[in-house]
Amino acid sequence: MIRIQNITKTFGNITALNNVSFDIPDNQILGLLGPNGAGKTTLMRIITGYLNQDSGKVLIDDKEVTPDNIESKQIIGYLPENNPLYDDMNVYEYLKFIAETRGVNNERIKEVVEVCHLKDVVLRNLSELSKGYRQRVGFAAAIIHNPKILILDEPTAGLDPNQAHEARQLIKEFKKDKIVVISTHILSEVEEIADRVVIINKGQIVAEGNIDELHNLVLKRNVVRFGGKFDRDLIKYLPAVLGGIYRITLVSEENGIQEYEIETETDTDIREQLFDLALKENWRVVELHRISVSLQDIFRELTKDKN
C-alpha cells in the first residue's frame, strides 16, 4: 500500500500541493486527474522519491519514502511525462544500460522488447524513433526490473489508437500484485482501466472514489429516461402509483412516442418498478435506462473556476 499523508509542497510563492492525503491499496490502478498545473506531476515525483516535500509523508508498506531511500526506489518504475532518453544510444543499448543499473539480466531485456513490441526497432538509434516508439521504450525501461509500483505520467501521449490500446492492455496486466498510478488527459482511458480516481485541482483533492461514486457527486439525483406509447398522463399517474419520484418531465413527443425524464433521490432506483408497471399496463416501451454523466463531465464540474 502507498499511504500519502498531509503532503504539502511549495515553489516560492506557489503552493503546488496543499495538505494532500489518500491511500492506494495493492492490486489497484489509480487514475490521477487534474488540470494543467494542478500538482499531479509534483505528487508523482514525490511518490517516486525524486522530489522532496515541504511537509507530510509518503509511506510504502509503512516505510517512508525519501530522496535518499534507495530501497523504495528499487520497487518503483517511473515513466515521466517528458520521457528522457539517451538519443546517442540504440534501443538495445539503452535498455541494457537501464538493466545493468537495476541489476537485471539480459533475458529480461528480451522479455520487455517482446512485451513492448520493440523488435523491429531494437537496433535503431533512439533519435530516429517516432514519439510512439519512444513511449514504448520509456515504458519498457520503467518495467524492466518488474517493479511493485508503476508510476506513469501521460503514458499514451503520442500513440496512435492501436498503440494506445496495447499500452492500456499492458497496464491492466501489470496490475496483478502491483500498484499502478497513471496521470493522463485522456479521460476515457481512465474510465477504461482505473479502479479508482483522485482529482486534484489547485493543489488540493476535490474528489476521490470509483466512477460511480464520482458520478453521484455531480448528478445529485438518479435520472431515468422512460419512453414509449402510453395511454395515461404519466406526469400525474406515476407519482401516484410509485414512491420516491422527485420530478417527472416530458422531454419529447413524436409519432405517438413520449419520452420522459424521471428524477428520484440518489438511493432510489425505480427502473424495475417501471418495467413491472409497463407490463401490467400493457405499455409499449422503447426506452428505459438511467442517465449517467461521463468522467469528462465530472472532471469539468469539479475543476471549473467557481469564482
Checklist line | Between the stretch 236-271 and the stretch 118-136, the alpha-carbon center distance in angstrom | finding: 56 Å
Notebook entry, point to check: Picking from Thr156, Thr48, Thr15, which is most flexible by a Gaussian network model of the chain using Cα springs under 10 Å?
Noted result: Thr15
Check: With θ set to phi - 60° and the Karplus curve 6.51 cos²θ - 1.76 cosθ + 1.60, what are the ³J(HN,Hα) couplings of the stretch 4-19 in order, to the nearest whole Hz, using x for Gly and Pro?
Finding: 9, 10, 6, 6, 10, 9, 10, 10, x, 8, 9, 9, 7, 9, 10, 6
Item checked: Neighbour-count order for Ile7, Ile270, fewest beta carbons within 10 angstrom listed first -> Ile270, Ile7
Note to self: Using a Förster radius of 25 Å, what is the FRET efficiency between Asn105 and Gln169 based on their Cβ-Cβ separation? Nearest 0.05, please.
What the structure shows: 0.45
Next item on the list: With springs connecting C-alpha atoms under 10 Å apart, model the chain as a Gaussian network and identify which of Leu214, Leu32, Leu129 has the largest mean-square fluctuation.
Entry: Leu129
Next item on the list: Excluding residues fewer than 8 places away in the same chain, name every one of the lysines whose C-alpha is closer than 19 Å to that of Lys304.
Entry: Lys40, Lys202, Lys220
Next item on the list: Return P(r) of the stretch 220-291 (all Cα-Cα pairs; 5 Å bins starting at 0; whole %; ordered from short to long distances).
Entry: 3, 17, 32, 29, 14, 4, 1
Next item on the list: Please find, in a Gaussian network model of the chain (springs between Cα atoms separated by less than 10 Å), the residue of Gln204, Gln169, Gln28 whose mean-square fluctuation is greatest.
Entry: Gln169
Notebook entry, point to check: To the nearest 20 debye, what is the magnitude of the charge dipole of the stretch 152-307 about its Cα centre, counting +1 on the Cβ of each Lys and Arg and -1 on the Cβ of each Asp and Glu?
Noted result: 280 debye
Notebook entry, point to check: How big is the stretch 184-307 by Rg and Dmax over its Cα atoms, in Å?
Noted result: 17.8, 55
Check: Sorting Val190, Val104 on the 10 Å Cβ count, fewest up front, what's the list?
Finding: Val104, Val190
Next item on the list: Give the order of Met44, Met1, Met89 when sorted by the count of other beta carbons within 10 angstrom, beginning with the fewest.
Entry: Met1, Met89, Met44
Check: In degrees from 0 to 90, rounded to the nearest 10, what is the angle of the helix 91-102 Cα long axis to the longest principal axis of the chain?
Finding: 80 degrees
Checklist line | Net charge contributed by nearby residues that have their C-beta within less than 10 Å of Tyr133 (K/R +1, D/E -1) | finding: +2
Next item on the list: For the chain, take the alpha-carbon Rg, divide it by the Kirkwood Rh, and send me Rg/Rh.
Entry: 1.11
Notebook entry, point to check: What's the FRET efficiency of Glu114 with Ser292 using the Cβ-Cβ distance as r and R₀ = 41 Å, to the nearest 0.05?
Noted result: 0.60
Check: Taking every pair of alpha-carbon atoms in the stretch 250-307, what share in percent sits in each 10 Å bin, from 0 to the bin with the longest distance?
Finding: 17, 36, 28, 14, 5, 0
Check: Taking the Cα centre of the chain as origin and charging only Cβ (+1 Lys, Arg; -1 Asp, Glu), how large is the dipole, in debye to the nearest 20?
Finding: 400 debye
Notebook entry, point to check: What is the gain in length, in nm to one decimal, between Glu265 and Asp305 on full extension, counting 0.36 nm per residue of separation less the C-alpha to C-alpha distance?
Noted result: 11.7 nm
Note to self: What is the angle, in °, between the Cα long axis of helix 271-281 and the longest principal axis of the Cα atoms in the chain? Nearest 10 is fine, range 0 to 90.
What the structure shows: 30 degrees
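We did not get these values from a lab; they are worked out from the coordinates using the rules stated. Small disclaimer: the values here were computed from a predicted structure and weren't measured. As a convention, Cβ positions derive from the backbone with ideal geometry for all residues, glycine included, and neighbour counts pool all protein chains shown.
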